Structure formats: C-alpha cells, structure tokens
Amino acid sequence: MKRISTLVFLFCLTILGCEGDYAIYNMHPPETIVIEVPVEVPVEVPVKIEVPVGGGDVWVDSFDQPVVMDGVDVVWLIDGSGSMQMHAQSVIDGIEAMMLALPPTGWRLGIATTSWAQAETATTFPLVPGDTVQDAWDYYSMLPNSGMEAGLDTLYSYIMDNVYNQSWLRYNAGLLVVFVSDEEDQSSRDFLPSQSGVQDFISWYSSLRPSTFLASIVNVHATENDCGGVLSPPQIGQRYIDVTNALGGVVVDICSSDWTPGVQAVTGQTEPHTEWELTYLPIDDTLIVFVNSVEISDLDWSYNPATNAVEFIVIPTPGSHVEIGYIIDRGLGDDDDSAGV
C-alpha cells in the first residue's frame, strides 16, 4: 500500500499499472501546496477516486468549524492618522454592517486606534446589542488622532496590557479582530518588523481562544486595487495581509466603494459553516468529504452545482476540521490558475 497525502488530509487514488504525474493540492491555509508524484509501478491503495490514465489534479478545500462558546468579542483597530479621514464614513458603514450581521445577542465590539500606547490606556466599554450606528459614530469620534500605525503591537497591548479591557473581554468567547489601515503595519515592540515578527503574531493570536478570527481592510496591491492609481510599498498592508491569510481570514480592499460584502464575509467566519464554496469546479462523482480525517457518508452532504458548494445535511461539530477533496473538472475551460466560479 502506498499513501499519497497533503499536510493533514489522506486522499487516496486508485492507480493500477499506469504511468503519469499527479498533483495534489491543499487549500488550508489559502496557499497552493503541490506534490508531484510520478507513478511508474503498480500501486494498491483503498478505492476512493479513479484518476484518468492521463493524470488529474486533485484539489483539497478545508476549514475548521468555529468554536464560539459564549458569544463573540470583536475589536476594530483603526489607523488614526490624518490620511484615514477620507475613509471615516466607510469605517462607520463597515461597523454598522457588522453590527447588523452579528447575532442578536452575545457580542461585544470595541474600537481603538493602531497606537499601542493609546490602546494600553483605553477605558471605553464596547458596543453591545441594542446600540445604534450613532453610538458607533460617537465611539469612533472620541478616538484620539494618532500617527502610530502598529496594529499587531496594538492588539497585544489592547488584550494583554490593558487592565480595563480585561474586565470585559471574555476568554471563553470567540475573538474577531479587524485591522483597518491605509499603511503597512509598523510594529516593532512586541512583533519585530520581519517575517519572524509575523510568525510570532500568528502563533500568539491563534493561541488566545478556542476560536480566533481575523480580517484586514487595507491597501491590497500596488496596482490591482480600487484606489485608481499606483501605490508605493509603504502603503500596502502586506503584514496585515500575511497574518490574515495565514489564519484563514478575510482581506478587503480599503479603496473599495462598499465594504459591506467583505464585512459580512468577515462576520460569517464566526458562524458555523453549513456549506462551503469550492475553489474549483469538481468532477461531481469524485467529491469526497472528511471530518477529522474520517470520511463521512454522502448522505450527510450534497453538492449544489448552481453555487459550486458542498452543503452539509449534518452540520460538522464545533472545532472539527473539514476537508473536501475532488478532481478539478478541466473540461469546462479552467486553467491551473482559474477559480471555479
């Protein structure tokens, strides 16, 4: 028996006496991992998917089902520099969209700048269910102006150093943090301005709660953005993007005219996944679903071609790791870099 697997997913192929190159991909975190497997001798493995003799691309989408035991604590850390004034209305609209998308009970939403010095001493109780967009505007308007743009350091200070915040943050609740900035993260106190600092932040943040979620509303690219011009490297929020992508979060272009779809996607991270949109169009009869590395019956899920999503009839339990494997359908014009829909 020969096993071919990606990082944590055991995906089996049936190949008897054929030759070819087979690529296996994994989508957790959202980066492509390719393992080329030349097969030149007969191999016996459990029958899961029969790959065409000419080869096939096996893709794995995966996610962790959220664990939200006692509501959700939300923190928006917003760049307080002068250049952010042009985004003030978008900030309020985005917070309002989140307040409307959150469950009717069980959440708390704090707001601070990306200055760790100010976050360390903040003493404002968060927004709660029943508060209005005017309350959010009043909260935001009270924030001091600050040219410090150190979101990663600020979050550490906000959670670990601020005694007042420790009185309302609930460590058995989910935690959702939204960074908002039109500049690169400039942290250097707790998380070094290097790749090691990014990795240290990822390790620290992911260890805080049973479920942690992350989003960044930033300049996303020098030219592939909605800003209408070329941005310089210091304006790109690459460190925010890196930590958000590593933790499976949502990145929103700060120059987009409407943050609502992105904010709704951010909020959706905290809810149990009842379906999962696939990255590519699959060959239907090759779909296979694992929960915690155990294959589940196809009576527990179904595939909806209209949305290109796997819909769960039996919802995976909180904390479970779900993997959906399939052969990409290249007969519909997809190339190696194309998305499913």
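Values quoted throughout were computed directly from the atomic coordinates according to the rules given, and no laboratory measurement underlies them. If you're wondering where the values come from, they're calculated on a predicted model, not measured in any experiment. In this analysis, Cβ positions are derived from the backbone assuming ideal geometry, glycine residues included, and neighbour counts consider all displayed protein chains.
General observations
- Estimated FRET transfer efficiency (SER206, ALA117; beta-carbon r; R0 22 Å; 0.05): 0.30
- Net charge of Cβ neighbours under 12 Å - reference SER157; Lys, Arg +1; Asp, Glu -1: -3
- Amide proton proximity set for ILE217, modelled H, under 5 Å, gap of 5+: PHE179, VAL180, SER181, VAL252
- Rounded to the nearest Hz, the phi-derived 3J(HN,Hα) couplings of the stretch 225-241 under the Karplus curve 6.51 cos²θ - 1.76 cosθ + 1.60 (θ = phi - 60°) are 8, 9, 7, x, x, 8, 9, 7, x, x, 8, 8, x, 5, 5, 4, 4, where x marks glycine and proline.
- Couplings for the stretch 146-159, taken from phi via the Karplus curve 6.51 cos²θ - 1.76 cosθ + 1.60 with θ = phi - 60°, read 8, x, 7, 10, 10, x, 5, 4, 5, 4, 4, 5, 4, 8 Hz in order; Gly and Pro are left as x.
- All alpha carbon pair distances within the stretch 112-168 were sorted into 5 Å bins beginning at 0; the resulting P(r) in whole percents reads 4, 20, 25, 23, 19, 8, 1.
- On the principal axes of its alpha carbon atoms, the stretch 72-268 extends 42, 34, 30 Å, with the longest extent given first.
- For the stretch 72-268, DSSP calls about 5 percent of its internal beta bridges antiparallel.
- When peptides 76-83, 255-262, 285-292, 129-136 are sorted by average Cβ neighbour count within 10 Å, with the highest value leading, the order is 76-83, 285-292, 255-262, 129-136.
- For ASP57, the amide hydrogen comes within under 5 Å of the amide hydrogens of ILE328, counting only partners 5 or more places away or on other chains and with H modelled in the peptide plane.
- Footprinting exposure proxy ranking of THR307, THR105, fewest other C-beta atoms within 10 angstrom first, gives THR105, THR307.
- For LEU176, residues with placed amide H under 5 Å, excluding near neighbours: ASP73, VAL74, VAL75, PHE213
- Separation of the LEU100 and THR223 label points, Cα + 7 Å toward Cβ, nm: 3.7 nm
- Positive-end residue, the stretch 223-303 charge dipole about Cα centroid, Cβ charges, pick of ASN225, PRO282, SER302: ASN225
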